[in-house]
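A.B. asks: Quick one: this structure, given as structure tokens, is what I'll be asking you about.
Coordinate-derived values only; no laboratory data. Computed from a predicted structure; not experimentally measured. Neighbour counts are summed over all protein chains in view; Cβ atoms, including those assigned to glycine, are modelled from backbone coordinates with ideal geometry.
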Amino acid sequence: MRYYVVDAFADKVFQGNPAGVCVLEEKLEAATMQKIASENNLSETAFLYRRSAGQYDLKWFTPKAEINLCGHATLGTACVVRNFVDPGIKDMHFDTLSGILEVHSEGEFYTMNFPSIMPDRIAVPNRLEEALGAEALEVYLARDLMVLLKDEETVLNLKPDFEMIKGLADGLGVIVTAKGNEADFVSRCFYPKLGVNEDPVTGSAHSNLIPYWAEKLGRKELKAVQLSERRGTLYCEQLGDRVNMSGKAVLYMQGEIFV
């Protein structure tokens, strides 16, 4: 099968979040896809099956498990579709575990339309602050824990204990966020339960972050930066029960998997 690695939410290679994209000629068993994702050892590998031009089935696997939503691997997949599967196509519909996700390509940018998922506020979980090494000003829960920290510098300099995060009862992962200095908000994302200590740029997390910051800042259009070592920039828009997030993507490699 054809295989690509795309740096998503990046202006050039070695930035943003690398996603593996496998283009299937026929559908695979979940166990086989999981083995491929484990072998690839990227934070997510996407598996694309083309039904027709503009209509695709899409699944995402971490090295440890299948997940229900992944932004950067969707962006990477859209880049592969536009450049290799259906060259020049602008509008793509992906059938996923989170429903139909739409992606529109225009120039260098890809705009993804995702669910808007405002998480519920909860009490600070036991040992969360110890695991993060920082005070949690507010804590929310949807699929992941979302933690408001004091400022951008606290987010940037955080040195979490990943073993302790792995032991937290709540949340698949932990998103930390704060108001940005130059961007509207910043974040970092940790998923040691999925074998990914820190995800470089996490589109799915912004399904929570966008409605939260849109409400907090009183604006629908927002610029976000994820402060991992590789960094990534997302241009966001709150649209009621949906969100748009836009970014660039750069092809790093292409090859073939012999399975």
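A.B. asks: Amide H of Ala10 versus every other amide H placed in the peptide plane: which residues, excluding those fewer than 5 positions away on the same chain, fall under 5 Å?
C.D. replies: Close amide H contacts, sequence-distant or interchain: Lys248, Ala249, Val250.
A.B. asks: Moving to a separate point now. Taking other Cβ within 10 Å of each residue's Cβ, how do Leu137, Leu128 sort, fewest first?
C.D. replies: Leu137, Leu128
A.B. asks: Calculate for the chain the 222 nm mean residue ellipticity that helices alone would give, adding -39,500 (n - 2.57) per DSSP H run of length 4 or more and normalising by residue count, nearest 500 deg cm²/dmol.
C.D. replies: After summing the helix terms and dividing by residue count, I get -5000 deg cm²/dmol.
A.B. asks: Based only on other Cβ atoms within 10 Å, what is the fewest-to-most ordering of Val176, Val13, Val147?
C.D. replies: By the 10 Å Cβ count, ascending, the order reads Val13, Val176, Val147.
A.B. asks: Same structure again: With the cut-off at 21 Å, report for the range 120-240 the share of all Cα pairs above it, as a whole percent.
C.D. replies: Result for the distance tail: 30 percent.
A.B. asks: Same structure again: Using Cβ counts within 10 Å as a stand-in for footprinting exposure, how do Ile100, Ile122, Ile165 rank, fewest first?
C.D. replies: The fewest-first ordering by Cβ neighbours comes to Ile100, Ile122, Ile165.
A.B. asks: Distance between Cα centroids, the range 182-229 to the range 25-69: provide it in whole Å.
C.D. replies: 23 Å
A.B. asks: May I pose another question? For the range 53-124, state which GluC sites (Glu not before Pro) are in a DSSP loop and have at most 11 other beta carbons lying within 10 Å of their beta carbon.
C.D. replies: Answer by residue number: Glu108.
A.B. asks: Additional query: With N residues in the range 192-259, what two-decimal value do you get for its Cα radius of gyration over 2.2 N^0.38 Å?
C.D. replies: This ratio for the range 192-259 stands at 1.38.
A.B. asks: With the chain treated as a Gaussian network of Cα nodes joined by springs under 10 Å, which of Glu129, Glu152, Glu182 yields the largest mean-square fluctuation?
C.D. replies: Answer for the Gaussian network model of the chain: Glu182.
A.B. asks: Rounding to the nearest 20 debye, state how big the charge dipole of the range 120-240 is about its Cα centre with +1 on each Lys and Arg Cβ and -1 on each Asp and Glu Cβ.
C.D. replies: For this selection, approximately 220 debye.
A.B. asks: Identify the residues of the range 102-126 with backbone N under 17 Å of a label point that sits 7 angstrom from the Cα of Arg242 along the Cα-to-Cβ direction, or state none.
C.D. replies: Label zone hits: 102-106, 110-118.
A.B. asks: Report ³J(HN,Hα) in whole Hz for each residue of the range 96-102, in order, from the Karplus equation J = 6.51 cos²θ - 1.76 cosθ + 1.60 where θ = phi - 60°; Gly and Pro get x.
C.D. replies: Residue by residue, the range 96-102 yields 9, 5, 9, x, 7, 10, 9 Hz.
A.B. asks: Select from the range 162-259 those chymotrypsin sites (Phe, Trp or Tyr not before Pro) which occupy a DSSP coil region and have at most 16 other Cβ atoms within 10 Å, ordered by residue number.
C.D. replies: Those satisfying the criteria are Phe258.
A.B. asks: Around Gly180, which amide H atoms from residues at least 5 apart in sequence, or from another chain, sit under 5 Å from its own amide H, with H modelled in the peptide plane?
C.D. replies: Amide H to amide H, under 5 Å and 5 or more residues apart or across chains, Gly180 pairs with Phe185, Val186.
A.B. asks: Can you figure out the FRET efficiency of Asp120 with Asp11, using R₀ = 30 Å and their beta-carbon distance, to the nearest 0.05?
C.D. replies: Between Asp120 and Asp11 the formula returns 0.25.
A.B. asks: Separate question: Suppose every K and R has +1 on its Cβ and every D and E has -1 on its Cβ; what is the size of the dipole of the chain about the Cα centre, in Debye to the nearest 20?
C.D. replies: About 200 debye.
A.B. asks: Taking the Cα-to-Cβ direction at Arg51 and at Leu137 and moving 7 Å from each Cα, how far apart do the two end points lie in nm?
C.D. replies: Label at Arg51, label at Leu137, 4.4 nm between them.
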